[in-house]
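J.: Got a structure here, written out as structure tokens. Questions coming.
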């Protein structure tokens, strides 16, 4: 694959330097941190690890035998101790850890001392259910405070947690329980969502009825109450749960409320080896079988601690809100381990952003005084579609920093987020990382980085990223991130480098990196370490511009080959969303006998935009004007919704199946499987 065909076509020349007022109190104000980390990355990461509490010091900082890394070898620590107990011991017991809000209106303010007690009691309950060090515990709960409690309780006693998102089906839950060999399942009677109840216990019962022979006990949280009963939320709202309740099975099912009420708060943290497994988290694989990503304790906790502190410019008085569910890695790293290791105060929310109205997120920010918001581009584009009237209703002046996570953010969504939500005063940290990396890998440092809409900017200090061609040639610009940082700070500006495009690779081991795929070392090597002989392959396309900024282009299989040119789906989507009438777009490459691939776009219009006869041609011309004729879509299909996973990612694989007339395949992870069937029917009607 040539350098030319890997070029990116969408140029973005807007730049946003850090606001002076923000820089004045920022944690990182000098680019020297990049030089220090580059000079000795291992010592750099050791300096972060030393800020944690260790029961025993390590004797070797890094043992690296590609693809196997061991960090802080010989050291012993406990993740729960570092996230809870050490803060209580330091006099922060009364500091609020969680402001937990349910969709039904209940709000709990939970200080670190209470977290310590609740986690200790739950850990003792797990012990009473037969859980010991190294056992796997499956956690299938709504996004309530008990979910992080469960993760921390496992960490406290050395058990390995495997959190399954509360929107997954019984079959998906069964598959994950069986692969991990989980001994105990933690679930709830249900969870509030969009005004109704997700019947978690009933779904769990179905999963256990079709498999899961390793499960001996099920601990059931009483969250929503019995069907037909009256539940009164903290705000006085009366609710009547209507759902299919799971049948109680004596001898297997245990009441969370009763078990915890009688448990002791005396539960010392288990000293764990730095390389002991902290958790397994399942992520999608190209074969359709989920991969159980394994993360160990010492390196992972070090990197989540460091990245949370610097990327989000952690201040002791902050109220942080990461809107992700703990069923995904973002919730693991930036709801539980990163923020809590820094003694953060944070919001967690159980429900959806449109219940009871489309201003729910903004009401939460106003009510709790949120200062840092970390959410997904999909959510931001949805907010754009709903319109500015909803955030305008609320006082968002408490916000000082915004973050983006999950996929590349198109520039127009970035600018909307900056202007409408951040009031033009909040820096945006657009972050790139993945389940496998464990923590943020590429991101601005908000006190020193001049940001560009759509770019994740530069690797975090201590991370070595490269741009590779298909044949393994490293074409990373020599200037790199450090050169631009010097320019941004007004020092001697180096010559502008040459733009390069290719495949993202990571050259050196990093502390939070995955330690393998659970039970499948061969797949671990094949998926991540066979593409390049001496580098990790994350599966994403990338370009690095003349200033050394990284622009993530989406998955490699989301880069279309059109008439010999590689065009990123993200770039065409960004150009479409730049049109004043488009709320959201998804682009795929469909098979074409002449071009190899033709560009097909699925478009959602903003409310009030008329479906004029000339609109498809207008949108095609708009893309051609923004990117170039080579990127003009061949097909534009208007739709009311797009197929997305429950974490909000567009499933372009299914759109390709629709466009090319193939069987739809597995849709169990979709938020609404009916969307795909509707698209297929409409597409075939138009084609006919």
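J.: I'm trying to understand the selection: among the residues of region 595-612, which are part of a loop (DSSP other than H, G, I, E, B) and touching a residue at least 24 places away in the same chain (Cβ under 8 Å)? Steps first, please.
T.: Restricting attention to region 595-612, the residues satisfying the condition of being part of a loop (DSSP other than H, G, I, E, B) are 595, 606-612.
Selection gives 595, 606, 607, 609, 611.
J.: Which of the residues belonging to region 175-202 are touching a residue at least 60 places away in the same chain (Cβ under 8 Å) and either farther than 23 Å from residue 125 by Cα or assigned to a helix (DSSP H, G or I) (or both)?
T.: 175, 176, 179, 180, 192, 193, 194, 195, 200, listed by residue number.
J.: Restricting to region 144-157, and then to whatever is surrounded by 24 or more Cβ atoms within 10 Å (Cβ to Cβ) and touching a strand residue (DSSP E or B) at 6+ places or on another chain (Cβ under 6 Å), can you tell me which residue is farthest from residue 251 (Cα to Cα)?
T.: Per the stated criteria, the residue is 151.
J.: For region 572-604, how many residues are farther than 13 Å from residue 650 by Cβ, out of contact with any helix residue (DSSP H, G or I) (no Cβ under 7 Å at 6 or more places or on another chain) and buried (at least 24 other Cβ atoms within 10 Å of the Cβ)?
T.: Residues in region 572-604 being farther than 13 Å from residue 650 by Cβ, out of contact with any helix residue (DSSP H, G or I) (no Cβ under 7 Å at 6 or more places or on another chain) and buried (at least 24 other Cβ atoms within 10 Å of the Cβ): 1 in total.
J.: Something else now. Kindly evaluate residue 438 against the criterion of being part of a loop (DSSP other than H, G, I, E, B) and surrounded by fewer than 24 Cβ atoms within 10 Å (Cβ to Cβ).
T.: no
J.: On the given criteria, is residue 428 in contact (Cβ under 8 Å) with a residue 12 or more places away in the chain, surrounded by fewer than 24 Cβ atoms within 10 Å (Cβ to Cβ), under 17 Å from the mean Cα position of the chain (by Cα) and under 19 Å from residue 650 (Cβ atoms)?
T.: The answer is no for residue 428.
J.: Follow-up. Taking region 203-223, which residues are touching a residue at least 60 places away in the same chain (Cβ under 8 Å), buried (at least 18 other Cβ atoms within 10 Å of the Cβ) and assigned to a loop (DSSP other than H, G, I, E, B)?
T.: Residues satisfying the conditions are 215, 223.
J.: Could we say that residue 39 is crowded, with 17+ Cβ neighbours inside 10 Å and under 22 Å from residue 309 (Cβ atoms) here? Spell out the reasoning first.
T.: Numbers: crowded, with 17+ Cβ neighbours inside 10 Å: no; under 22 Å from residue 309 (Cβ atoms): yes.
No; evaluated as a whole, the condition is false for this residue.
J.: Quick one: would you say residue 126 is out of contact with any strand residue (DSSP E or B) (no Cβ under 6 Å at 6 or more places or on another chain), surrounded by 24 or more Cβ atoms within 10 Å (Cβ to Cβ) and over 28 Å from residue 372 (Cβ atoms)?
T.: yes
J.: Collect the residues in region 232-267 that are closer than 11 Å to residue 189 by Cβ, modelled with pLDDT under 95 and touching a strand residue (DSSP E or B) at 6+ places or on another chain (Cβ under 6 Å), keeping them in residue-number order.
T.: Correct list: 241, 243.
J.: Quick one: in region 484-499, which of the residues that are closer than 23 Å to residue 541 by Cβ and either touching a helix residue (DSSP H, G or I) at 6+ places or on another chain (Cβ under 9 Å) or surrounded by fewer than 21 Cβ atoms within 10 Å (Cβ to Cβ) (or both) is modelled with the lowest pLDDT?
T.: Checking each candidate, the answer is 496.
The values are calculated or read from the model by the stated rules, or taken from the named source; none is laboratory data. Here the structure is a predicted model, which means the values were calculated and not measured. Note: ideal-geometry Cβ built from the backbone for every residue, glycine included; neighbour counts use all protein chains shown.
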